[in-house]
Each structure stands twice: as C-alpha cells, then as structure tokens.
Amino acid sequence: IDVAIVEVGIGGEHDCTNVIKTPIVCGITSLGLDHVKLLGNTIEQIAWQKAGIFKPDVPAVTVPQVSEAMRVLNERAEERHCSLEIAPPLNHYPNYPFQLSLAGDVQEINASLAIELVFHWLHAREGQSYDKLRTAPLNEKILQGLATCRWSGRNEIVDTPSATYYVDGAHTIESIEQCKNWFTNSLSKQNKSERLILLFYCSNDRQPDVLLQPLMKCKFDSVAFCSPITSLPTINDKNSQTDTKPGNDQWRATANIVSEIGRLSLHVAAFEKLWLSTIENQTTIPSIHCFHTVSQAIAWIDDSKSSKPSVLVTGSLYLVGAVLKLLDKNDSN
C-alpha cells in the first residue's frame, strides 16, 4: 500500500481511527449539524469532537467554516500542538479552471481539501517543497485524478429508459441545500421540463420538515416517501434460509417495514404543512405516495404515464444505496 486514506466513522475525539498515532496529515471537511445525539447539538460541540483527530506535530487542514466552528478548530489545534491551515479555493492555482468529474459547488470545496492533503503527503514522503506545490500549477496526475474521480451516490445522474434519476445522499440541512442547487442547475443545463418527482426518506434522528424545507422551491409534481428497504421478503427467500429464529434477515426486513410505516406518515404530514405554508397562491399540493420498499417505488416510477420524469433521490444514504442497487440490477438484467 502506497497511501491509505482513512475516513473517520463518527466524530473524531473517540473514533477508532485514533489508533493511528502519527498520520501524515489530518483533514476536516465542511462541518454541519449531523449525528447530534452523539456529537452535540451545536456547531461548536461538533467542531470540538471532529478536531479530536488532531495529533501533535501532524499538520491539519480544513476548509472555510462558520466562525464559531473555526474558532473551536483553532483552539483545538493549539491544544494538540499542531498547525491548522485552510485549503485555498481552486482558483488559487495558476491553471484554474480545470475539469472536476463530480458536480456541485461543494465538490470544489472537497477538491481543494483533497489537493492540500496530497501536497502534504508529497512533501512528507517524496521531499517535494510544500510551498512550491501550493503556488505552482497542478500537475497532470492531480488534474487527471480530479477529472476521473467517481463517488457513487453523490451528485450522481443515472439515466434509465423510464426516468432520469438525480441521486444525492444529502442528509443534513447544509448538504440538502447544496443538493437542491445541484438538481435545479442540472435541470436548467439539460433544459429539462418533464414531470419532477421527489423520492425521499430521512432516518429517525433527523427532522423531515427541516430537510424538506429547501426542496420546496423545486415544485415537484409528485412526492414519494419510501423506506430504505430494498424489497419485501419472498417465499424463495424463506426457502433459502435454514435459520428460522427471529433476528435473521427475513424477520428483520419484515420488522423494519412495520416500524417504518409510522415514520413515513410523519414525512407526509411535514411535507403537506411545508407546501401549504411556503408556496404562494397554491391551492393544491403535489400527489403524495408512500412505499414500504424501494422496489415498489421504482416500479411506480417505471409505470409513469407521463413523459420521462426527472427523479430526485435524497435524504438518506441508505435510500440512495438501495435505489442505486436496484437500478444497477435492473440495468444488468
């Protein structure tokens, strides 16, 4: 292995990745209110937890943050005796603009952080001058990486015979806002005027009204709320099982579906309230549908009587993963 990029699970202060005591560099991406039950319900508390990955004498890099978060990160860097730098924007480099394979404004921020992490690695392992790397045009290998990077489920467009899916695993207010901007910009660039469908789900620790709010401006024709369960257990699934004790996959899938029914009703109530309160001169709301499984939702979209719809899938990485899994399976068949 030439290099390992180790992603933190949740937070940083108590994350298992801290077993690595002397990494080359530590990076922190854009912070938002996420995993609040574990990390705290303010941006300052979350920043404190995230900065727990800082190590003595190991450089740290982040991207522009809100002032409250930046103050905490600087305090933690001083406490941990490490430097902390803010990655410059991409237009800092002489050969900007260059191609990014990942769409969305937030990906420019992510790319700027990735470039800085690479520079620190090249400096530590190959002896290249960090200052020269930061001021010189990006080399061809870095440009190639930026142009060919793939990140499934983030700002991803999947075209099928029956619909065009715009898939993004956004699940915080900040990322949902970015997702909305990417979706509307993509529709504008492609001159899309077909029926718009929202396929949405968010997990128990998130508030559907908060995440749905930015999406109101998209004015969807139909909204589908769907649990992130791929499909219902079948008799073939049962016959293939030798373990009939509660807790196996079949039992869990059925139990999950039952528990999600109430959750989806909360989604519907939140959307109806938001629509009627935010859309002016609107006497009707979009058609609203609930599905127990993703396969049911995809089948409903496939049977759409209108012209090829544009479908935004967002709110949950679990939902996005299930949708991509089914679309890939359908494509292979």
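Of all residues in region 302-321, those that are assigned to a helix (DSSP H, G or I) and within 14 Å of the chain's Cα centre (by Cα) total 5.
No other residue among Gln250, Gln213 is part of a helix (DSSP H, G or I), surrounded by 17 or more Cβ atoms within 10 Å (Cβ to Cβ) and at pLDDT 75 or above apart from Gln213.
Return yes when Asp57 is within 24 Å of the chain's Cα centre (by Cα) and surrounded by fewer than 19 Cβ atoms within 10 Å (Cβ to Cβ) and no when it is not. So Asp57 does not fit the description; no. Just one residue in the set Asn155, Asn110, Asn95, Asn181 is in contact with a Ser or Thr (Cβ under 8 Å, 6 or more places away or on another chain) and touching a residue at least 40 places away in the same chain (Cβ under 8 Å); that residue is Asn110. Selection over region 114-165 of residues that are surrounded by 15 or more Cβ atoms within 10 Å (Cβ to Cβ) and either among the aliphatic types (A, V, I, L, M) or touching a Cys at 6+ places or on another chain (Cβ under 6 Å) (or both) gives a count of 14.
Counting just the residues of region 91-113 that are in contact with a helix residue (DSSP H, G or I) (Cβ under 6 Å, 6 or more places away or on another chain) and not hydrophobic (A, V, I, L, M, F, W, C), which one comes out surrounded by the fewest Cβ atoms within 10 Å (Cβ to Cβ)? Taking the candidates together, the pick is Gln99. Scanning region 157-195 for residues that are touching a Pro at 6+ places or on another chain (Cβ under 6 Å) and within 16 Å of Leu102 (Cα to Cα) gives a single hit, Lys180. Taken together, Val72, Val36 contain a single residue that is farther than 28 Å from Thr135 by Cα, in the same structural domain as Ala136 (by TED's automatic domain parsing) and modelled with pLDDT under 95, which is Val36.
The values are calculated or read from the model by the stated rules, or taken from the named source; none is laboratory data. Since this is a predicted model, take the numbers as computed values, not measurements. Positions of Cβ are generated from backbone atoms using ideal geometry, with glycine treated the same way; all protein chains shown enter the neighbour counts.
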